[in-house]
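I have placed the structure first, in the form of structure tokens, so that the comments after it can refer back to it.
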Amino acid sequence: MRFVLDEAQTDFGRTVDRMLGGAGTPHAVRAWGRGEHAPGRAVWGRLADAGVTGLAVPEAYEGVGPLPVELGVAYVAAGRHAVPGPLAETAAAAVLLAGLAEGGTARSGQVAEDWLPRIADGRALVTLAAADGGPYALDADAADAVFAVAGEELWLAPGHGPVQPSFDPARRLARPLPGGELLARGPAVAAAAARAADWAAFATAALSLGTGLALVERTAAYVRQRTQFGRPIGSFQAVKHRLADALIGLEFARPLLYGAAVALASGPTGGALASGSTGDVRAEVAAAKVATGEAAYAAARTALQLHGALGYTDEYELSMWIRKARALRSAWGSPSVCRARVLAP
């Protein structure tokens, strides 16, 4: 089966990519890593103006979604430009709150009405801690709300603990504080959290693909300029093969990403009647996650080797994508976890 974007989706991706190209994301990433959030929030404002923040929010709550294909397109562009912040977690939280509201309880509906319109128009940047994502909430220090899933309970955390060191300085991790406001309880929470985790894994896969593409593009430009023995090193066959292998891995992962988007749109996580089981959707997402994560990680290793010692330096912008590729590889499902989901009967 071929997964090809239509003209509108392609144009949307190009628009987001051009917009982020002029948003000064390298400066925003460095500031975010220091705990200075204003430049990063400005980038989020641009994403909101482009409609990206409303792609996971249903139309009933002033969003335009859920549209997983379009979200994947936008997040690939975000990965290419290393946009900081809890992109995957905000989308997952929107899916979680919308899913609980569909359950029909008055409390869940009120919580959705309070938060989803603000997520859709970019006023609220939120994060989520759940079992599939580990004990930490990403960028809790920058978030307007920290949602925490504990078994069959959903809490609005009262704050967060100390920010922990991370391999990627722009991915700031902190544990949600216990207690806070109990928003929902019961089996519906676990079911909605599972759907949200699939969206988080899918969004992370899209970010990984964009990160890997940026690494290949930047490295290809570098090897055209760097000379050795009087020739650009990009003319050497061994260098060409390394870059070609990295690009092939990313392009092989791309259809898996959009296949997962189609599964999310048609299955239970898309909010429509299911054409397949929740397990089928989870397996599709896991396949996309492991393929894009491993391909981006391979691209990072290639970029580091071909740049030499320069690639290790924090001052060189390439390090932003190298660090991000490694962190995204494990976020919302490590390679071993994702492979187990793909192979599960």
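Quick notes on this one:
- The requirement of being outside any helix (DSSP H, G or I), within 30 Å of ALA325 (Cβ to Cβ) and open to solvent by 60 Å² or more (accessible area, probe 1.4 Å) is satisfied by PHE167.
- GLU89 fulfils the conditions (1) open to solvent by 30 Å² or more (accessible area, probe 1.4 Å); (2) within 21 Å of GLU284 (Cα to Cα); (3) acidic (Asp, Glu) except for a single criterion, (1).
- Highlighted here are the helices (runs of 4 or more DSSP H) found entirely within region 19-133 that include at least 2 residues which are free of Cβ contacts under 8 Å to residues at least 12 places away in the same chain and of a type in the set (Gly, Ala, Ser): 106-120.
- Exclusive hit being among the charged types (D, E, K, R) and more than 29 Å from LEU182 (Cα to Cα), set ARG41, ARG30, ARG118, ARG123: ARG30
- Among residues that are modelled with pLDDT of 95 or more and under 19 Å from ALA200 (Cβ atoms), VAL52 is included.
- Test: residue in region 2-14 that is open to solvent by 40 Å² or more (accessible area, probe 1.4 Å), in contact (Cβ under 8 Å) with a residue 40 or more places away in the chain and in contact with a Pro (Cβ under 6 Å, 6 or more places away or on another chain): yes
- Residue selected from region 124-155 under the condition of a type outside the set (A, V, I, L, M) and in contact with a Pro (Cβ under 8 Å, 6 or more places away or on another chain), by the criterion surrounded by the fewest Cβ atoms within 10 Å (Cβ to Cβ): GLU152
- Here VAL95 clears all of (1) crowded, with 24+ Cβ neighbours inside 10 Å; (2) within 21 Å of ARG323 (Cα to Cα); (3) not polar (S, T, N, Q) except the condition numbered (2).
The values are calculated or read from the model by the stated rules, or taken from the named source; none is laboratory data. All of these numbers come straight from a predicted model, not from anything done at the bench. Glycine also receives a Cβ, built like all others from the backbone with ideal geometry; neighbour counts cover every protein chain displayed. Protein only, heavy atoms only, side chains kept; ligands, DNA and RNA dropped before computing areas. Shrake-Rupley method; radii C 1.70, N 1.55, O 1.52, S 1.80 Å.
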